[in-house]
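Novice: Right, I'll just put the structure down here and ask away after.
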Amino acid sequence: MAKYHPGVHKYALFLVVYAAILLTAGALVTSEDAALAVPDWPLSYGTLNPPMVGGIAFEHSHRLIAAGLGFLIIILAYLLWRYEERPWMKWLGFAALGGVIFQGILGGLTVIKLLHYWLPVMHACTAEIMFAILVSIAFFTSRWYMQSLPQYADRGAPSIHSIVTLNAFVIFLQVIAGAAFRHKYISLKPHVFGAPLVLAVVIWTAATLRRRFPEVREISRARVLLHAIVGLQILLGIAALWTRISTADAPQPMPLMVTATVIHTVVGATLFAASIVTVLLCYRLIPRKRELIFATTKGEVPA
Ligand code: HEM
Ligand code: HEM
């Protein structure tokens, strides 16, 4: 069993909070229609310190906060490399570093290529993946994850691992549809019709988790969380749509529309991250059928 490093875990949690702030700053750029307020990249109007007025304030501060995340992830990768005993965790640190560099370049290309080629959609979606990676690192470095835990047998079909993975996949498809609409590449229909599908898959996933593992406290928490976030997200989606429609003729960006669309975007990232944590939780507590023979038996796992 790998050793728990409280400092590394707390630092990973800090990066999750920082990344949520960065997602908010990025979503503000889109909702404030400030994406092209700064026409050049990597510098802003040829300098690191342009006049922070109008859309430039949103776009340039997003760039600065993003550069800050890049710097903080270099430290994270170093900490994982230095203190982690699990080789895959060391590599996960480098994957996060590669991810933030890729995300930054995608952001730059979004500007240089004037929002064409689906670049803003890719930038929005990889931001959600980036956030989920940081949440996963915080999860993997937690004291809970490191301890020796009872293992539970999955007696149903399809396997719980397939169900929770499908759940995360369907949520991500919904995120793609939301981003494609937000950046004006497709109509709203796929996203609005996708919402009941997402809700149905979340309800099915949570019900299966409850039926198969009623006694596992962590799994109960995860399914309550999934339910709560998806419910909130649907209400926020309706609010985002309503504020877009009701302010259609008003001088944009209207603060109400900006608030609703930004919160809906960030809670979307939180829902996706929660679905990924649910996947990781199941992999941690429930051995796959072929692994059962190696599992720690505590009475629950059949011989
Ligand atoms: C490195 C980490 C970065 C993260 C996690 C990140 C995240 C985000 C997010 C979440 C959005 C909002 C997408 C949406 O609301 O649909 C966004 C928008 C944007 N980001 Fe970033 N970003 C990063 C770096 C950068 C960089 C370095 C640039 C450089 C120019 C950049 C330029 C933009 C632009 C122009 C938009 C607005 C796109 C539009 O409205 O079409 N981003 N970013
Ligand atoms: C079921 C779960 C849902 C999820 C996971 C979800 C997720 C998202 C995400 C992540 C975005 C922003 C994508 C980006 O650019 O980064 C978005 C945009 C949007 N979503 Fe949803 N959404 C959901 C439900 C809904 C519902 C029920 C509605 C409305 C009836 C809705 C309406 C919208 C609208 C209008 C936008 C674009 C906001 C804008 O105009 O800027 N969403 N959604």
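The values are calculated or read from the model by the stated rules, or taken from the named source; none is laboratory data. Only a predicted model underlies this, so the values are computations on that prediction, with no experimental measurement involved. So basically every Cβ, Gly included, is an ideal-geometry build from the backbone, and we count neighbours across all protein chains shown.
Novice: Considering the range 103-151 alone, what residues qualify as being in a helix (DSSP H, G or I), of a type in the set (Gly, Ala, Ser) and more than 10 Å from ligand 1 (Cβ to nearest atom)?
Specialist: The first filter runs over the range 103-151 and keeps only residues in a helix (DSSP H, G or I), leaving 103-112, 119-140, 143-146.
Remaining after also requiring of a type in the set (Gly, Ala, Ser): 104, 107-108, 124, 127, 132, 136, 138.
132, 136, 138 - these are the residues of the range 103-151 that are in a helix (DSSP H, G or I), of a type in the set (Gly, Ala, Ser) and more than 10 Å from ligand 1 (Cβ to nearest atom).
Novice: So residue 30 ticks every box in (1) more than 18 Å from the chain's Cα centre (by Cα); (2) within 7 Å of ligand 1 (Cβ to nearest atom); (3) among the polar types (S, T, N, Q) but one. Which box is left unticked?
Specialist: The failed condition is (1).
Novice: Pull out all pairs, ordered by first then second residue, where Cβ-Cβ is under 9 Å, the residues are six or more apart or on different chains, the first lies in the range 192-207 and is part of a helix (DSSP H, G or I), and the second is among the polar types (S, T, N, Q) and within 7 Å of ligand 2 (Cβ to nearest atom).
Specialist: 194/174; 195/174; 195/233; 197/174; 198/174; 198/233
Novice: Follow-up. If you check 137, 129, which single one turns out to be more than 21 Å from residue 33 (Cβ to Cβ), surrounded by 15 or more Cβ atoms within 10 Å (Cβ to Cβ), within 16 Å of the chain's Cα centre (by Cα) and within 16 Å of ligand 2 (Cβ to nearest atom)?
Specialist: Working: 137 fails: within 16 Å of ligand 2 (Cβ to nearest atom).
Step by step, each of 137, 129 is checked, and only 129 is more than 21 Å from residue 33 (Cβ to Cβ), surrounded by 15 or more Cβ atoms within 10 Å (Cβ to Cβ), within 16 Å of the chain's Cα centre (by Cα) and within 16 Å of ligand 2 (Cβ to nearest atom).
Novice: Looking for something farther than 22 Å from residue 277 by Cα, modelled with pLDDT of 95 or more, in a helix (DSSP H, G or I) and among the aliphatic types (A, V, I, L, M) - is there at least one such residue anywhere in the range 28-42?
Specialist: The first filter runs over the range 28-42 and keeps only residues farther than 22 Å from residue 277 by Cα, leaving 28-42.
Remaining after also requiring modelled with pLDDT of 95 or more: 28-42.
Of the ones still in play, those that are also in a helix (DSSP H, G or I) are 28-31.
Among the residues that remain, those that are also among the aliphatic types (A, V, I, L, M) are: 28-29.
Yes, there is a match, as at least one residue in the range 28-42 is farther than 22 Å from residue 277 by Cα, modelled with pLDDT of 95 or more, in a helix (DSSP H, G or I) and among the aliphatic types (A, V, I, L, M).
Novice: Name the residues in the range 152-173 that are assigned to a helix (DSSP H, G or I), free of Cβ contacts under 8 Å to residues at least 40 places away in the same chain and not aromatic (Phe, Trp, Tyr), would you? Before you say what the answer is, go through the steps one by one.
Specialist: Restricting attention to the range 152-173, the residues satisfying the condition of being assigned to a helix (DSSP H, G or I) are 160-173.
Then keep just the ones that are free of Cβ contacts under 8 Å to residues at least 40 places away in the same chain; that gives 162, 166, 169-170, 173.
Correct list: 162, 166, 170, 173.
Novice: Collect the residues in the range 33-52 that are within 25 Å of residue 251 (Cα to Cα) and more than 12 Å from ligand 1 (Cβ to nearest atom), keeping them in residue-number order. Spell out how you get there, then give the answer.
Specialist: Filtering the range 33-52 down to residues within 25 Å of residue 251 (Cα to Cα) leaves 33-39, 51-52.
Correct list: 51, 52.
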